[in-house]
Structure formats: C-alpha cells, structure tokens
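Below: one structure, written as structure tokens.
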Amino acid sequence: QVQLVESGGGLVQAGGSLRLSCAASGNIFSINAMGWYRQAPGSQRELVADITGRGYRNYADSVKGRFTISRDNANNTVYLQMNSLKPEDTDVYYCNALDVSGRRYWGQGTQVTVSS
C-alpha cells in the first residue's frame with residue numbers, strides 16, 4: 001500500500017503561482033511513476049503531468065511551458081510548480097502514484113482556484 005498526502009492548493013489571481021506537494025509513504029519502493037491529475041465537477045479526471053523514477057516528464061498540452069513537475073526521491077515527494085495560472089486551471093488536483101504492478105494510488109485532492 002502507498003499513501004499520498006497533498007498540500008499547497010488555494011486561491012490565487014490569474015497570472016499568479018502555486019506549488020503543490022505530494023508526500024508518499026508506505027511501500028514507496030514499489031512506486032514507478034508519480035504525477036498530478038485534475039478534475040472538474042462532472043468531468044473526467046485528466047493528466048496534468050507525470051514523472052518516472054528516472055526523471056522522464058510528460059505534460060498535458062494545456063500546461064506546457066507553465067507547469068513544472070519535479071520529484072525528490074530522497075524524501076518521496078513530488079511537486080507541481082504552477083506559474084501563469086489561468087481561471088481554466090481551476091480544479092481539484094490529485095496526486096497519483098503508479099506502482100510496478102500497475103496499481104494506481106490517489107491522494108485526497110487539493111482545490112486550486114484561480115480568479116480572473
């Protein structure tokens with residue numbers, strides 16, 4: 001089992017920045033990739049960015065050039081630096097971990113609200 005705890009969401013004006021953090025605990029040695037997804041009410045959860053254990057990064061087109069994902073393997077933490085935020089980035093953001101068997105784990109979600 002892997003547990004994920006997110007922090008760092010909040011309210012920010014358009015053009016501002018936020019940094020999300022996600023700390024993993026439990027069977028951390030089974031984790032391969034970690035990432036961030038977001039979901040609006042009534043919509044499907046969508047990938048924002050993810051990063052493998054070797055540091056390969058993948059971003060949704062809508063956040064390329066504005067968001068940066070990073071991973072601190074020593075502290076089992078993944079970060080999402082979000083710059084130039086737009087009102088359409090408003091969502092609940094979920095941390096995700098994918099283990100070597102293909103099982104996914106989710107955090108509880110953190111609200112990000114960008115005002116215009």
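Charged neighbours of Arg57, selected by a Cβ distance under 13 Å, balance to +2 (K, R count +1; D, E count -1).
Could you please put Thr110, Thr52 in sequence from largest to smallest accessible area, using a 1.4 Å probe?
Thr52, Thr110
Kindly work out what percent of the DSSP beta bridges joining two residues of the chain are antiparallel, to the nearest 5.
Given both bridge residues lie in the chain, the antiparallel proportion sits at roughly 90 percent.
The distance linking region 1-70 with region 83-98 is 7 Å (Cα centroid to Cα centroid, whole angstrom).
Computed from backbone phi with θ = phi - 60° and the Karplus coefficients 6.51, -1.76 and 1.60, the 3J(HN,Hα) list for region 46-53 is 10, 5, 9, 6, 9, 8, 8, x Hz; x is used for glycine and proline.
Solvent-accessible surface of protein heavy atoms, probed at 1.4 angstrom with all chains present, puts Ile51, Ile28 in the order Ile28, Ile51, largest first. Between Ala74 and Arg45, the FRET efficiency estimated from the beta carbon spacing at R0 = 35 angstrom works out to 0.75. Each Lys and Arg adds +1 at its Cβ and each Asp and Glu adds -1 at its Cβ; summed about the Cα centre, region 54-103 shows a dipole of about 200 debye. With the simple model of a label 7 Å out from the Cα in the direction of the Cβ, Ser7 to Arg54 spans 3.3 nm.
The values are calculated or read from the model by the stated rules, or taken from the named source; none is laboratory data. Just so it is clear, the structure is predicted and the values come from calculations on it, not from any experiment. Here Cβ is always computed from backbone atoms with ideal geometry, including for glycine, and neighbour counts include all displayed protein chains. Ligands, DNA and RNA are excluded from the accessible area calculation, which covers all protein heavy atoms including side chains. Shrake-Rupley method; radii C 1.70, N 1.55, O 1.52, S 1.80 Å.
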